[in-house]
Amino acid sequence: MNLTLHLTDNCNMDCSYCIREKCPKDMSEEVLFKACDLAFSKGTRAGLCFFGGEPLLKKELIYKALDYCEKKSEKTGIRFDCKMTTNGTLLDEEFLDRAAKANLGIGLSFDGRAQDVCRIFANGKPTSSVVEEKAKLLLKYIPKASALATIAPQAVPYYAESVKYLHDLGFKNVSFVIAYGHKVNWTDSDLDALRVQLEETASYLKELFLKKETFYMSAIDSKISDCIRGRNPAERCHLGTRQMPVTPDGTLYPCTSFIGDEKYILGNVFDGIDEAKVIELAKRSATPETCRECDLVKRCTNSCGCANRMNTGNENQVSPLQCTYERMLIEISDNLGEELYQIDPDRFAKEFA
Ligand code: SF4
Ligand code: SF4
């Protein structure tokens, strides 16, 4: 099974949209090893995602988990996969060498040209020049690493420029999401500006397609490929069944935004999973009532319980922000998809089908 280990709630940065609890707590070795055992206890593969706060503040725990799980995998024959999301500031050659050997997938939280708008050090200093250097180092060791950008309203003017910048740095895979939660406030004019930026991004993706360059920009490309493959993004929301977060004290929850809500505790690494609660949660009807009659219902992330909860406080209720954003993304992606298909149907099929 897959677990997301919150190795610490502490962080050396203070991003303006961060929703983590600001009460620094670290995971103990005891919890760490119990969590590793739990990951190996169910299914045919064990998956760990190192997360925080900033997980590299607890590098020694990552080394210990990798050693422990690699041995366990050898002994049991169960496949072990690992990944990490990091702000990148503490990456170094020694860590990256070990990470490359362990085949650790790394997602670098990096807002590109908008980095210093929201992502600053805890002491208020900018982070862009440090993270740019670390990004180059990361790509040297792990060329498949991805960049994960979170765009808050004040960063919208840098959106398209950031996609280009991250591509120029050498990332082949970038994920752009908009910032949610009580710390951000989207206005209609921000959303209009976002549309312009998404259209500019689509033109850039067309340019790359014409040059036959492979580059995956999740927000737009996933909408095109989901449509071609007939996949419903709603099916990606598996609250409590696909990727369970483990807090520093070993408590299990269905998804990150539920952490701290006692009603949603699904067990702990010492006593195991409360299966009855997981089954109960799985029965939830994922599609919000307001979406059932919508033509886009199968193409929209309306059922992401985590995003819904962050926006509306209710995992079954989608926000007007999410609805507007999804409509915009689908329209722009469909237009781009049509154009790319007309340019080169074979290449289009190869990339998206
Ligand atoms: S790097 Fe991540 S955990 Fe740290 S402040 Fe920023 S968003 Fe929060
Ligand atoms: S576009 Fe809006 S109404 Fe339609 S499925 Fe998505 S969130 Fe629901």
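The values are calculated or read from the model by the stated rules, or taken from the named source; none is laboratory data. Source: prediction; values computed, not measured. So basically every Cβ, Gly included, is an ideal-geometry build from the backbone, and we count neighbours across all protein chains shown.
Table for the structure above
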quantity: Some residue of the stretch 262-277 being surrounded by 15 or more Cβ atoms within 10 Å (Cβ to Cβ), more than 21 Å from residue 49 (Cβ to Cβ) and out of contact with any Gly (no Cβ under 7 Å at 6 or more places or on another chain); calculated: yes
quantity: Positions within the stretch 1-27 being without any contact (Cβ under 8 Å) to a residue 40 or more places away in the chain and either buried (at least 21 other Cβ atoms within 10 Å of the Cβ) or over 19 Å from the mean Cα position of the chain (by Cα) (or both), in sequence order; calculated: 22, 23, 24
quantity: Yes/no for residue 303 being polar (S, T, N, Q), closer than 20 Å to residue 178 by Cα and at pLDDT 90 or above; calculated: no
quantity: Residue selected from the stretch 95-124 under the condition farther than 10 Å from residue 13 by Cβ and basic (Lys, Arg), by the criterion surrounded by the fewest Cβ atoms within 10 Å (Cβ to Cβ); calculated: 101
quantity: Residue within the stretch 58-72 that is out of contact with any helix residue (DSSP H, G or I) (no Cβ under 8 Å at 6 or more places or on another chain) and touching a residue at least 40 places away in the same chain (Cβ under 8 Å) present; calculated: yes
quantity: Residue in the stretch 49-69 that is nearest to ligand 2 (Cβ to nearest atom), counting only those that are closer than 13 Å to residue 99 by Cα and not in a helix (DSSP H, G or I); calculated: 49
quantity: Subset of the stretch 170-190 that is of a type outside the set (Ser, Thr, Tyr) and surrounded by fewer than 17 Cβ atoms within 10 Å (Cβ to Cβ) - its residue that is nearest to residue 114 (Cα to Cα); calculated: 177
quantity: Among (1) in contact (Cβ under 8 Å) with a residue 40 or more places away in the chain; (2) at positive phi, the one test that residue 41 misses; calculated: (2)
quantity: Residue that is surrounded by the fewest Cβ atoms within 10 Å (Cβ to Cβ) [pool: residues in the stretch 193-218 that are among the aromatic types (Phe, Trp, Tyr) and without any contact (Cβ under 8 Å) to a residue 60 or more places away in the chain]; calculated: 216
quantity: Among residues of the stretch 318-353, those that are of a type in the set (S, T, N, Q) and loosely packed, with under 15 Cβ neighbours inside 10 Å, counted; calculated: 2
quantity: Residue match in the stretch 328-342 (condition: of a type outside the set (Lys, Arg), near ligand 2 (Cβ under 10 Å from one of its atoms) and closer than 22 Å to residue 18 by Cα); calculated: no
quantity: Residue within the stretch 109-126 that is more than 14 Å from ligand 1 (Cβ to nearest atom) and either in contact (Cβ under 8 Å) with a residue 40 or more places away in the chain or in contact with a Gly (Cβ under 6 Å, 6 or more places away or on another chain) (or both) present; calculated: yes
quantity: Segments classed as helices (runs of 4 or more DSSP H), wholly inside the stretch 296-353, with at least 2 members that are away from ligand 1 (no atom under 16 Å from the Cβ) and closer than 24 Å to residue 160 by Cβ; calculated: 320-343, 345-352
quantity: Yes/no for residue 148 being in contact (Cβ under 8 Å) with a residue 12 or more places away in the chain and either more than 27 Å from residue 310 (Cα to Cα) or within 16 Å of ligand 2 (Cβ to nearest atom) (or both); calculated: no
quantity: Qualifying residue in the stretch 37-47 (condition: part of a strand (DSSP E or B) and within 16 Å of ligand 1 (Cβ to nearest atom)); calculated: no
quantity: Top-ranked residue in the stretch 1-36 [being within 14 Å of residue 83 (Cα to Cα), in a strand (DSSP E or B) and at pLDDT 95 or above; ranked as nearest to ligand 2 (Cβ to nearest atom)]; calculated: 4
quantity: Filter result (under 10 Å from residue 38 (Cβ atoms), in a loop (DSSP other than H, G, I, E, B) and β-branched (Val, Ile, Thr)) within the stretch 255-279; calculated: 269
